[in-house]
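Below is one structure; the comments refer to it alone.
Derivation of every value follows stated rules applied to the coordinates shown; laboratory data play no part. Everything numeric in this text was worked out from a predicted model, so none of it was measured. Virtual Cβ from ideal backbone geometry, glycine too; neighbours counted across all protein chains shown.
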Amino acid sequence: MPIRLHYHPFSRASGTLWALEEAGVAYDLAVVNILQGEQKSPALLAINPMGKLPTLQDGDVVVTEAAAIALYLADRYAPGRLAPALDDPRRGAYLRWSFFAPSVIEPAVMAKAGNWEVREVAAGWGNQNTMLEAVHSAIAGRRFVLGDEFSMADVVLGGTLRYMLDFKMIEPTADFQAYIDRLNERPAYQRATARNLAMRKELGLE
C-alpha cells in the first residue's frame, strides 16, 4: 500500500510533499478540510491526538510532526542518499539543523512577532539575532547543510527558511536567498510545488 499523507495545501503538510518527492516513494493524499475543522474529527484524532497536519501513515506506522516525517522518510527509504549513515560523522550536523528548524527558528520568530516576555537563558530558542546568526553559520560557504551534498536536512531547514522569507518573518539576505534559489532548482521541489498548486485548484482554493 502506498504511504498516505493526511493533507491540506494550506497546512504544513504542503511541505511534506517535497520530502515525499525527494524520497521517491509512492503516496496518496487524504485531504483534510482544515477550513471546516476536519483535523479535529474523531478519525484523525484516533491516529494523531493533536489533531494537526501533517499526519503520515506508512502501513501500521504513524508519524506526525513535519521534521520527524521527513527524517523518517529519509532513514527508511533513502538511507545514504538523503540521510547520512548512523556511523557517518556528518549525521551530527544533519540532525542538529533538522531539529533546529522547528525547535529554534519557529519559536524565535513567534516570540519576536508576539513580543513574548521570556528570559533568554530559559528559552531554548535564545533570541531572534542569535537564531539568525546560527542559521547563517549552517550554510556559510556551503551549497547545502552537509556541504556539496543535498540531504533531507535541507528540506527541513530550507523549507522553514523559505516560509519565513516568503511571509517576511525574517529579513532576506544574500546567502539565505542564494540557498533557497539552489533548493528551488530541485526537480522534487518543483514536482511538489506543482502538485500543491493543482490541489489548490482542485479544492477551489485559488
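On full extension of the chain, what length is gained from Met50 through Met169, given 0.36 nm per residue of separation minus the C-alpha to C-alpha distance?
In short, 40.3 nm is gained.
Run the numbers on the stretch 35-117 and let me know its relative contact order in percent, using alpha-carbon pairs under 8 Å that are six or more apart.
13 percent
Based on other C-beta atoms within 10 Å, arrange Lys201, Lys40, Lys112 from fewest to most.
By the 10 Å Cβ count, ascending, the order reads Lys201, Lys40, Lys112.
How big is the chain on each of its three principal axes, counting only the C-alpha atoms and giving the largest first in Å?
So the extents along the principal axes, rounded to whole Å, are 41, 41, 32.
Over all directions, how big on average is the projection of the convex hull of the alpha-carbon atoms in the stretch 91-186, in square nanometres?
6.0 nm²
Determine, for Thr16, Thr130, Thr160, Thr193, the number of other Cβ atoms within 10 Å of each Cβ, and report the residues in order from fewest to most.
Going from least to most buried by this count: Thr130, Thr193, Thr160, Thr16.
Within the set of other residues whose C-beta is less than 10 Å from the C-beta of Val145, count the net charge using Lys and Arg as +1 and Asp and Glu as -1.
+2
At a 10 Å Cβ-Cβ cut-off, how would you order Phe167, Phe144, fewest neighbours first?
Result, fewest neighbours first: Phe167, Phe144.
If you build the Cα gyration tensor of the stretch 1-100 and take the root of 5 times each eigenvalue, what three semi-axes come out, in whole angstrom, biggest first?
26, 14, 12
Check each of the GluC sites (Glu not before Pro) in the stretch 79-155 and keep only those in coil by DSSP with at most 11 other C-beta atoms within 10 angstrom; list them in order.
Qualifying residues, ordered by number: Glu117.
Have a look at the DSSP beta bridges in the chain and tell me what percent are antiparallel, nearest 5.
Taking every DSSP beta bridge within the chain, about 55 percent pair in antiparallel fashion.
Using Cα pairs closer than 8 Å and at least 6 residues apart in sequence, work out the relative contact order for the chain, in percent.
Worked out over the chain, it gives 22 percent.
How high is the relative contact order of the stretch 112-206, given as a whole-number percent (alpha carbon pairs under 8 Å, six or more residues apart)?
Answer for the stretch 112-206 is 18 percent.
What share of Cα pairs, in percent, lie more than 21 angstrom apart in the stretch 56-130?
44 percent
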